[in-house]
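In what follows, a structure is listed as structure tokens, so that the remarks can point back to it.
The values are calculated or read from the model by the stated rules, or taken from the named source; none is laboratory data. The structure displayed is predicted, hence computed values, not measured ones. All Cβ positions, even for glycine, are placed from backbone atoms using ideal geometry, and neighbour counts span all protein chains on display.
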Amino acid sequence: MVKLIISKIVTGATGSLGAHLVSQLVTKPTTQKVYCLVRAKDRSSAQERTIQSLKLRRVHKDLTATHLSKIVALPSDFSDPLLGLTEDVYAELLDSANMVIHCAWQVNFNMDVSSFENAHIKGSHNLMTLCLKSRRASPASFNFCSSISSVANTPGAQTIPETLPAYEDAMPMGYAQSKLVTEKLCDIATRTTTLPARVLRIGQVSGDTKFGIWNATEVIPLTVRSAKTLGALPAPVNDEVVSWIPADVAAGTIIDLSYLPPASQKGAPVFHISHPKLLSWNNDFLPALRAAGLEFESVKPTEWIRRLKAIAQDASTNPEVKLLEFFGGKYARDEVSSAPYFETAKACAASAALRGVEDVKGDVVGRYLQFWREGW
């Protein structure tokens with residue numbers, strides 16, 4: 001009898017989403033190894049970065065020695081045909097890996113699409129090549145973590161289906177355009193080769209449901225922090241509808257979808273990893289913050305901007321001023337536009353994690369606030 005070796009490859013393992021992916025994968029009895037391809041100078045540094053990321057998200061303490069022994073962190077370079085690995089290690093992946101989850105991407109909204117070509121678009125191609133070269137009975141699956149920004153510019157759309165877009169549907173920035181190009185590469189690969197590839201289009205990832213860990217330097221946490229410095233939060237007169245998916249739920253959904261059998265039809269299937277329910281900023285989020293103990297005045301966005309401009313423009317004491325230009329554009333008027341609704345019917349049908357996601361309000365918001373206050 002041939003021994004069944006089931007190993008996973010996760011890129012971007014040192015980010016929030018990657019950390020939750022690794023922690024959930026290693027607890028699966030069928031997982032023998034999780035190879036984490038990360039930016040590092042050597043294997044020791046790669047392992048240290050990966051473990052530190054697990055500790056930062058507070059999931060490390062729930063992992064046993066057996067779970068942790070499954071983690072193999074490797075320094076990598078996706079622009080290299082061998083992914084920056086030695087020939088022996090690359091061969092090991094060809095022999096053992098049956099799944100690749102690619103969630104490593106530089107989050108920089110100021111770079112043009114050509115800046116993403118070498119490490120990201122070409123890197124995705126190199127990862128797909130690894131899957132196709134598999135020495136197992138069938139190619140490893142390639143699960144590409146894309147972004148809703150790849151379709152957020154769809155003209156006049158109030159809802160976005162779980163389908164491949166036109167090139168002009170991406171937001172006008174290199175990050176979104178490079179994600180869309182890679183979605184197209186996934187589709188071409190599934191039509192012209194035996195590669196089982198999926199496009200997992202991820203929405204706004206929020207803090208996890210257990211600890212509420214949401215990076216304090218992101219837009220929403222910095223907005224909420226202004227309640228401390230300004231004594232106010234913006235409340236658009238027409239409200240704003242948002243959709244946030246907790247990091248641990250997003251990871252669970254990615255895993256559920258990555259375990260699906262190859263699609264019977266040609267072309268890469270697309271799934272939206274976004275919260276199935278929308279959230280009202282004025283009627284859900286702000287009341288949940290108040291219920292959790294945050295005191296603030298709800299003011300019109302233009303008044304909030306006026307107050308933000310009036311405080312000391314010192315990012316070391318008032319970090320929210322770092323996003324003044326962004327906030328100034330978003331809140332130039334007292335009415336704001338909401339993002340379209342991203343359909344999740346296909347993803348919910350295939351993922352128990354997404355079907356069971358709780359609303360991002362009440363206790364979940366309370367945990368977010370508790371975590372942010374630890375750093376205020």
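Candidates in the stretch 313-371 are the residues that are closer than 23 Å to S298 by Cβ and of a type in the set (S, T, N, Q); of these, the one that is surrounded by the most Cβ atoms within 10 Å (Cβ to Cβ) is N318. Scanning the stretch 291-322 for residues that are without any contact (Cβ under 8 Å) to a residue 12 or more places away in the chain and not in a helix (DSSP H, G or I) gives A312, Q313, D314, A315, S316, T317. When we screen V237, V199, V219, V241 for residues that are touching a residue at least 40 places away in the same chain (Cβ under 8 Å), in contact with a helix residue (DSSP H, G or I) (Cβ under 6 Å, 6 or more places away or on another chain) and either aliphatic (A, V, I, L, M) or surrounded by fewer than 18 Cβ atoms within 10 Å (Cβ to Cβ) (or both), the only hit is V199. Tell me whether the stretch 55-64 contains one or more residues that are more than 20 Å from A247 (Cβ to Cβ), surrounded by fewer than 21 Cβ atoms within 10 Å (Cβ to Cβ) and touching a Ser or Thr at 6+ places or on another chain (Cβ under 9 Å). Yes - at least one qualifying residue is present in the stretch 55-64. Residues of the stretch 203-222 that are under 29 Å from P269 (Cβ atoms), of a type in the set (S, T, N, Q) and in a loop (DSSP other than H, G, I, E, B): T209 alone. With respect to (1) in contact with a Leu (Cβ under 9 Å, 6 or more places away or on another chain); (2) part of a helix (DSSP H, G or I); (3) farther than 23 Å from N283 by Cα, the lone exception for L200 is condition (2). For the stretch 26-72, the set of residues classified as touching a Lys or Arg at 6+ places or on another chain (Cβ under 8 Å), in a loop (DSSP other than H, G, I, E, B) and under 24 Å from N98 (Cβ atoms) consists of T31, Q32, K70, listed by residue number. All of L94, L68 fail the test of being within 17 Å of K133 (Cα to Cα), in contact with a helix residue (DSSP H, G or I) (Cβ under 8 Å, 6 or more places away or on another chain), surrounded by fewer than 17 Cβ atoms within 10 Å (Cβ to Cβ) and at pLDDT 95 or above, apart from L94. Of the residues D314, D284, the single one that is under 13 Å from V360 (Cβ atoms) and in contact with a helix residue (DSSP H, G or I) (Cβ under 9 Å, 6 or more places away or on another chain) is D284.
The residues on offer are S351, S298, and the sole one that is of a type in the set (S, T, N, Q), within 26 Å of the chain's Cα centre (by Cα) and at pLDDT 95 or above is S351.
When the stretch 128-144 is filtered for residues that are in a helix (DSSP H, G or I) and buried (at least 20 other Cβ atoms within 10 Å of the Cβ), the ones remaining, listed by number, are M128, L130, C131.
Can you say whether L324 is in contact with a Leu (Cβ under 8 Å, 6 or more places away or on another chain) and closer than 17 Å to P234 by Cβ, as far as the supplied structure shows? Judged against the criteria, L324 is a match.
Within the stretch 77-113, restricting attention to residues that are farther than 17 Å from R136 by Cβ and small (G, A, S), the residue that is nearest to the chain's Cα centre (by Cα) is A104.
From (1) small (G, A, S); (2) in a helix (DSSP H, G or I); (3) in contact (Cβ under 8 Å) with a residue 24 or more places away in the chain, pick out the condition that doesn't hold for G328. Result: G328 passes all but (3).
Testing A339 on (1) more than 30 Å from A263 (Cα to Cα); (2) in contact (Cβ under 8 Å) with a residue 60 or more places away in the chain; (3) assigned to a loop (DSSP other than H, G, I, E, B), one condition comes back false. Which one is that? Here A339 meets the rest and fails (1).
Entry remark, the stretch 252-281: residues being of a type in the set (G, A, S) and outside any loop (DSSP other than H, G, I, E, B) number 3 in total. Quick one: which of A268, A291 is buried (at least 18 other Cβ atoms within 10 Å of the Cβ) and on the phi < 0 side of the Ramachandran plot? After applying the criteria, what remains is A268.
Return yes when R225 is over 25 Å from Y341 (Cβ atoms), part of a helix (DSSP H, G or I) and in contact with a helix residue (DSSP H, G or I) (Cβ under 9 Å, 6 or more places away or on another chain) and no when it is not. Yes, satisfied.
Against the condition modelled with pLDDT of 95 or more, under 26 Å from T30 (Cβ atoms) and surrounded by fewer than 23 Cβ atoms within 10 Å (Cβ to Cβ), how does D256 come out, does it pass? Yes; evaluated as a whole, the condition is true for this residue.
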